[in-house]
Amino acid sequence: MQLDFINEGSLEGVLTLSIDGIDYQENVAQSIKKYQKTMRFPGFRVGKTPLGLVKKQLGSELKREEINKLIQAEINKYYAENKERIIFMPLMQDADDELNWDADDTYKFTFKVAFRPEFEIDTQVLGGLETKVITLADEEIDEEIEHLREQYGDVESLDIVKDDADTVTVLKIVELNAEGEKLEEGFDKMIRLKLAETPDSLKAELIGQDNDAEFNLNLKEILSEDELCKVLGIEKPEAKDLNNNFQITVRGSIILKKAALDEAFFEKVFNDNTIEDAANFRERIADNMKRFFEDKDEVALQKEVRNVLTEKVEVPLPDAFMKEWFDRNAQLKEDDDAEKQYRIFADDTKWDLILEKLAGNLNQVVSDEEVKNSIRSYVLQQYGYQLQSMGMEGFENMVNNLYKQEYFRLELQQNLLLSKVVKELKNNGTFTEVALSKAQFEEYVRENEL
């Protein structure tokens, strides 16, 4: 068996694989003997069909099968040894019509090969991108801590809306039409109100109401525009379009006693018994808040880095090879635009090459264990509620099964690599830092749907 290579240009080449009779004859003979043991043929008992007859009936098919195994093994080996130089598996060129499978000949097969293109990346083109850095005010950290104290506090169910600063009431508020009926496509939401933060005029209407009480109110009459927007969680333009009257239904009320700022509370929040005091807890909360917004910033940066580099970096692609590869492998639907789908495929290929080269320039790699840890996080997020019944062995089996799914694993690996690359670019001062307040950052997240 011999593999020869012809370089036809800077982006494509041709492989020729020659397979001699000595490479496959023994395996074919063994396959014929194996089939003889189970073959049924008129006039002979099972396993007694003469070898010559078995060979005549199945020899060509078994030879073809063995040769295909040799081809697959040799091309896989070539790809594994040369994947730093080539992209995609070599493409076999049609040869079946020219081959005589009945002769013990040397068979030759040709494959097209696409080389990894040479190009350079100037990261200065990313200098115009901004990385957002949050500046947290003390009161914003206080607000987050108070929210957590409520979340982990003690709850007492109520039968009525009680006049207590710790009362929290859930209301269903439905916009009504001029006839006092539910307005089609009008405002219709569940609202959670803290009595201590509820306008006095609305509070007066709610105190003493039983659970499931239902009554109508002219909210625009008893609330200012700002109060109405705050209660309903809407903006002023939306408030102006609302009708005056609403149906209010009390869905339930509770007394919410905030958790004390003690070690038991700290441990509940972080599942960590090493936080000794409120100052240390406050630092951890601030770090968590910053990390949340840093993650959002990274998501935005990843998109922008891809867009800029794909547009600015020139990458010569083996277009003829890629079109043939796409035509053979793309699973298009009947109404798909083939040209449009090819352009998406070409852009994705270009980006993969850019990312791999940039990662190499920055000495960033993703290990198999990092991929598995990311899969573990994914499984915990998706199936955490089943873990108790699944057990640790079942959990690891699920992780390993997902790891074996090549497309899932490679996509996850690319995402992890992109994350590492963007972090390294940020550490190197590639992007322009812009400080945002918490409110500004939240608006940025909403506008960009992060």
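Structure summary
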quantity	calculated
Stokes-Einstein D for the chain, Kirkwood Rh over Cα pairs, 37 °C, 0.692 mPa s (µm²/s)	111 µm²/s
Over region 313-450, relative contact order from alpha-carbon pairs under 8 Å, at least 6 apart, %	24 percent
Estimated inter-spin distance, ALA279 and LYS48, nm [label 7 Å along Cα→Cβ]	9.7 nm
Net length gained if the chain between ARG40 and VAL434 were fully extended (0.36 nm per residue, minus Cα distance)	133.9 nm
Angle in degrees between helix 138-151 and the longest Cα principal axis of the chain, rounded to the nearest 10	80 degrees
Additional length obtainable on full extension of the chain from GLU370 to LEU99, 0.36 nm per residue less Cα span	92.8 nm
Cα-Cα over 19 Å, subset of LYS69/LYS108; LYS357/LYS426; LYS55/LYS77; LYS189/LYS296	LYS55/LYS77; LYS189/LYS296
For PHE292, PHE266, PHE88, order by how many other beta-carbon atoms lie within 10 Å, fewest first	PHE292, PHE88, PHE266
Contact order relative to length of region 109-262, as percent, for alpha carbon pairs under 8 angstrom and 6 or more apart	34 percent
Per residue, the convex hull volume that the Cα atoms of region 154-257 enclose (Å³)	91 Å³
Simple label model, 7 Å out from Cα along Cβ direction - LYS423 to ILE6, nm	4.9 nm
In range of the label at ASN288: residues from region 143-160 whose backbone nitrogen is under 17 Å from the point 7 Å along Cα→Cβ	143-154
Simple Cβ-charge dipole of region 2-115, Lys/Arg +1 and Asp/Glu -1, about Cα centre, in debye nearest 20	1020 debye
Fully extended contour minus Cα-Cα distance, from MET390 to ASP138, at 0.36 nm per residue	86.4 nm
Over 14 Å [Cα-Cα, region 182-243], rounded percent	61 percent
Debye intensity ratio in log₁₀ form over the Cα atoms of region 255-376, taken at each q of 0.18, 0.23 Å⁻¹	-1.13, -1.26
Kirkwood estimate for region 65-217, i.e. one over the average of 1/r between Cα atoms, Å	24.9 Å
Violating pairs (Cα-Cα greater than 32 angstrom) within the set LYS258/LYS420; LYS220/LYS290; LYS290/LYS340; LYS203/LYS258	LYS258/LYS420; LYS220/LYS290; LYS290/LYS340
Tilt relative to the chain, helix 387-404 - C-alpha long axis, 0 to 90 degrees, to 10	50 degrees
Two-site FRET efficiency, LYS257 against LYS323, from Cβ-Cβ distance with R₀ of 60 Å, rounded to 0.05	0.30
Alpha carbon convex hull of region 400-450, volume per residue in cubic angstrom	127 Å³
Cα gyration tensor of region 291-450 - equivalent ellipsoid semi-axes, whole Å, descending	29, 27, 17
Net charge over other residues, Cβ less than 10 angstrom from the Cβ of ALA359 (K, R count +1; D, E count -1)	0
Semi-axes of the equivalent ellipsoid for region 288-333, Cα gyration tensor, largest first, Å	36, 16, 6
Residue (of THR49, VAL113, ALA80) at the positive-pole extreme of region 2-115, dipole from beta-carbon charges	THR49
Relative contact order computed over the chain (Cα-Cα under 8 Å; 6+ residues apart), in percent	18 percent
Hydrodynamic radius (Kirkwood) for region 364-421, which is based on Cα pairs only, to one decimal in Å	11.8 Å
Where only alpha carbons of region 130-214 are counted, the Rg and the Dmax (Å)	17.7, 53
log₁₀ of I(q)/I(0) at q = 0.13, 0.26 Å⁻¹ - region 215-291, Debye sum with one point per alpha carbon	-0.69, -1.20
Debye intensity ratio in log₁₀ form over the Cα atoms of region 2-115, taken at each q of 0.11, 0.19 Å⁻¹	-0.47, -0.96
Cβ-placed point charges (K, R +1; D, E -1), dipole of the chain about Cα centre in debye, nearest 20	2820 debye
ASN271 versus GLU314: modelled label distance in nm, points set 7 Å from Cα along the beta carbon direction	5.3 nm
Degrees separating the helix 368-383 axis from the principal Cα axis of the chain, which is the longest one	50 degrees
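No value in this document is a laboratory result; all are computed from the given coordinates. In this text, all values refer to a predicted model and were calculated from it rather than measured experimentally. Using ideal geometry, Cβ is built from the backbone for each residue, glycine included, and neighbour counts are taken over all protein chains shown.
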